[in-house]
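Structure first, then comments.
The values are calculated or read from the model by the stated rules, or taken from the named source; none is laboratory data. Here the structure is a predicted model, which is why all the values come from computation and not from measurement. Methodologically, a virtual Cβ is constructed for each residue, glycine included, from the backbone with ideal geometry; neighbour enumeration extends over all protein chains shown.
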Amino acid sequence: MAGTYTQIYIQVVFAVKGRQNLLHKPWREQVFKYISGIIKEKGHKPIIVNGVADHVHCFIGLKPAMSISDLVRDIKNNSSKFINQQNWLSCKFQWQGGYGAFSYSHTHVGRVYQYILNQEAHHRRKTFREEYLEFLEKFEVPFDRKYLFEWLD
């Protein structure tokens, strides 16, 4: 719409089904590039997509023409299809239901970018569970533990 100007920064976090370590390092970067392409194709700005073997962080400059839930649905559907078509795994790849979405101001873009860029180092010190619970508490998101991601441990 003409005359509409926005600046919305969202970090989306989602996990592999069952938090399995299925995003293997040899092809993980290809998946992140594919996810970036989905974000861009939907009209948003992929600032950075990165993660580790069991989860992904997408930092997005969001356009308000599409809901976050529709975007995440499309990212998950298309990227899981991509992974399965590559035959990288002997099992069917799936993302877990649900996701976290957290908003940031423009002044935080550099810090969030660096945090997502350094996921491997970060997760040598902190588990995904610890990280995710910290996000929920930091952003004061009410939650019920029984509806969090499917925890295997």
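The figures follow:
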quantity: Filtered residue count, region 2-40, keeping only those that are of a type in the set (A, V, I, L, M, F, W, C), buried (at least 17 other Cβ atoms within 10 Å of the Cβ) and touching a residue at least 60 places away in the same chain (Cβ under 8 Å); calculated: 7
quantity: Single condition Leu22 does not satisfy, out of (1) more than 22 Å from Glu131 (Cα to Cα); (2) part of a loop (DSSP other than H, G, I, E, B); (3) of a type in the set (A, V, I, L, M, F, W, C); (4) touching a strand residue (DSSP E or B) at 6+ places or on another chain (Cβ under 9 Å); calculated: (1)
quantity: Any chance Val49 is buried (at least 19 other Cβ atoms within 10 Å of the Cβ), hydrophobic (A, V, I, L, M, F, W, C) and either on the phi > 0 side of the Ramachandran plot or modelled with pLDDT of 95 or more (or both); calculated: yes
quantity: Candidate set: region 25-60, residues that are part of a helix (DSSP H, G or I) and of a type in the set (S, T, N, Q); chosen: the one nearest to Ala121 (Cα to Cα); calculated: Gln30
quantity: Selected residue (only one of Ser103, Ser69 is within 12 Å of Ile10 (Cβ to Cβ), in contact with a Phe, Trp or Tyr (Cβ under 7 Å, 6 or more places away or on another chain) and among the small types (Gly, Ala, Ser)); calculated: Ser103
quantity: Restricting region 87-114 to residues that are exposed (fewer than 13 other Cβ atoms within 10 Å of the Cβ) and in a helix (DSSP H, G or I), the residue that is nearest to the chain's Cα centre (by Cα); calculated: Gln114
quantity: Residue selected from region 55-69 under the condition under 25 Å from Arg129 (Cα atoms) and over 11 Å from the mean Cα position of the chain (by Cα), by the criterion surrounded by the fewest Cβ atoms within 10 Å (Cβ to Cβ); calculated: Ser69
quantity: Qualifying residue in region 128-141 (condition: in contact with a Gly (Cβ under 9 Å, 6 or more places away or on another chain), without any contact (Cβ under 8 Å) to a residue 60 or more places away in the chain and in a helix (DSSP H, G or I)); calculated: yes
quantity: Matching residues in region 1-19 - criterion: being in a strand (DSSP E or B) and either acidic (Asp, Glu) or farther than 18 Å from Thr107 by Cβ (or both); calculated: Val12, Val13, Phe14, Ala15, Val16
